[in-house]
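Here is the structure we will look at, set down as structure tokens.
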Amino acid sequence: MRYQISGKQIDVGEALTTHVKSEIGELIEKYAQRATDCVVVFSRAAHESVCETTIHLATGLNVSAKGSATEIYAAFESCRERLDKQVRRYKRRLRNHNSNRKAPVEFGAASSYILAPSEDVEDAEPETLAPVVVAEMETKIPSITVGEAVMQMELAGQKMLVFRNEGHGGVNVVYRRDDGNIGWIDPRNSR
């Protein structure tokens, strides 16, 4: 497994790097067993140290967590505990996902844009209705089932996930609603 351990305006020493590798390796061996790479970023937010970790699994799923504390090791431990809780919660489903799937998750390419916020002034009328594109990137859309999409969204800690439904090939969206439930948009089923 490849590790990318870095710090934003923080020097990540050899001792912390070794500790992170051993703890994450132990977690992966215990639960997921098929990770491809792990990205760990340490940063500072006021008086706290922050640790953000993303683990990419061979099945195409990602597990993400974030932890913060006054000490850098404590921030990592907080993040690791969240990762452990997420992966433990989905352990059975991850194993079933691996055994039921005959081929790896396929990804389709799509364009992703970042738009500038509109600077609305109360009385001013916009010159054009076209938004200003700040950045253009390529993103990957997984081809998975609805259940796998919900699991991926939960594991990655995202608020929404766009995916291609394996059942019919259409583009779908799952999202976390304000009331805590999960919403699913399937345009194919609209009447």
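Give the residue that is modelled with the lowest pLDDT, with candidates limited to residues of the range 119-146 that are under 29 Å from Gly170 (Cα atoms) and hydroxyl-bearing (Ser, Thr, Tyr). Out of the qualifying residues, it is Thr139.
Just one residue in the set Leu57, Leu61 is touching a strand residue (DSSP E or B) at 6+ places or on another chain (Cβ under 6 Å), among the aliphatic types (A, V, I, L, M), at pLDDT below 85 and within 18 Å of Gly157 (Cβ to Cβ); that residue is Leu57. The residue that is surrounded by the most Cβ atoms within 10 Å (Cβ to Cβ), counting only those in the range 142-189 that are among the β-branched types (Val, Ile, Thr) and under 14 Å from Phe107 (Cβ atoms), is Ile144.
Going by the structure shown, is Leu94 of a type outside the set (Gly, Ala, Ser), touching a helix residue (DSSP H, G or I) at 6+ places or on another chain (Cβ under 9 Å), at pLDDT 80 or above and surrounded by 12 or more Cβ atoms within 10 Å (Cβ to Cβ)?
Working: of a type outside the set (Gly, Ala, Ser): yes; touching a helix residue (DSSP H, G or I) at 6+ places or on another chain (Cβ under 9 Å): yes; at pLDDT 80 or above: no; surrounded by 12 or more Cβ atoms within 10 Å (Cβ to Cβ): yes.
Taking the combined requirement at face value, the residue does not satisfy it.
When residues in the range 161-191 are screened for being of a type in the set (A, V, I, L, M, F, W, C) and over 20 Å from Ser64 (Cβ atoms), 3 of them pass.
When you scan the range 44-55, how many residues do you find that are crowded, with 17+ Cβ neighbours inside 10 Å and not aliphatic (A, V, I, L, M)?
At the first step, the residues of the range 44-55 found to be crowded, with 17+ Cβ neighbours inside 10 Å are 49-55.
Checking the rest, the ones that are also not aliphatic (A, V, I, L, M) come to 49, 51-54.
The qualifying residues number 5.
With respect to the conditions (1) modelled with pLDDT of 65 or more; (2) surrounded by fewer than 11 Cβ atoms within 10 Å (Cβ to Cβ); (3) assigned to a loop (DSSP other than H, G, I, E, B); (4) of a type outside the set (Asp, Glu), Ser111 falls short on a single one, namely (3).
The values are calculated or read from the model by the stated rules, or taken from the named source; none is laboratory data. All of these numbers come straight from a predicted model, not from anything done at the bench. Every residue, glycine as well, gets a Cβ built from its backbone with ideal geometry; the counts of neighbours run over all protein chains shown.
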